[in-house]
Amino acid sequence: MNWFRVRTPGKPFRVPASPLNRPPVNVSAEFPESFEHPLLPHDVWMRQALAEAQAAFEEGEVPVGAVVVFEGRVIAAAHNQRETLNDPTAHAEMIAITQAAEALQSWRLLDCALYVTLEPCPMCAGAIVQARIPTVIYGTTDPKGGACHTLYQITSDPRLNHQSAVLGGVLKEECREILQAFFAHQRAQGKK
Ligand SMILES: [Zn+2]
């Protein structure tokens, strides 16, 4: 597997020298063993997030999907709805976090794992911290907005009062391809 991991709580935090010239992230020993459960591989949940991304695609939305898993089941599933709702905050993660909080009747999403097809942006990374989500698994990195690893490491910053374990690169090809297909489709239709 080509997954890569971002630092988890309790470990020294280093800002990469440059997003384009970053040393390989290798903190494999830090990721919770429980999330390597052989019967529930990350792919299973990420495929559900990808199904959400596909729904976004069909609605003309940038195809990003997210699910929140709690005690081995999905308690929230959402996709980007920025266009549909005319809401700049309607990212997949934001909607999924709200759904999960409603499902658990708590703003603290303890023991939850967020799966999202694209590396969260600064807004969503901030919401992940606010929701105290302990585990974040994402698909493809976002060189223009990634805030868990690529441009910022908001979910791992020890100056904030919560840090998440972050695992990136799960089904990254599929997660990237659906975005590329969407933008190619948009260009073909003369949209930006
Ligand atoms: Zn976002």
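The values are calculated or read from the model by the stated rules, or taken from the named source; none is laboratory data. Everything numeric here is computed off the predicted structure, so don't read it as measured data. All Cβ positions, even for glycine, are placed from backbone atoms using ideal geometry, and neighbour counts span all protein chains on display.
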Do we have any residue at all in region 138-145 that's in contact with a helix residue (DSSP H, G or I) (Cβ under 6 Å, 6 or more places away or on another chain), farther than 27 Å from residue 83 by Cα and modelled with pLDDT of 95 or more?
no
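Of the residues in region 79-93, how many are crowded, with 24+ Cβ neighbours inside 10 Å and charged (D, E, K, R)? Talk me through it step by step, then tell me what you get.
From region 79-93, those crowded, with 24+ Cβ neighbours inside 10 Å are 79-80, 91-93; that's our starting set.
Okay, now just the ones that are also charged (D, E, K, R), so 93.
Qualifying residue count for the region: 1.
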Got at least one residue in region 149-167 being closer than 27 Å to residue 60 by Cα, buried (at least 23 other Cβ atoms within 10 Å of the Cβ) and either at pLDDT 95 or above or within 14 Å of the ligand (Cβ to nearest atom) (or both)?
no
Can you tell me how many residues within region 115-141 are within 16 Å of the ligand (Cβ to nearest atom) and either more than 10 Å from the chain's Cα centre (by Cα) or touching a residue at least 60 places away in the same chain (Cβ under 8 Å) (or both)?
14
So which of 76, 96, 49 is buried (at least 20 other Cβ atoms within 10 Å of the Cβ), within 12 Å of the ligand (Cβ to nearest atom) and among the small types (Gly, Ala, Ser)?
96
Mind checking whether some residue in region 101-114 is of a type in the set (Ser, Thr, Tyr), under 23 Å from residue 72 (Cβ atoms), more than 16 Å from the ligand (Cβ to nearest atom) and free of Cβ contacts under 8 Å to residues at least 40 places away in the same chain?
yes
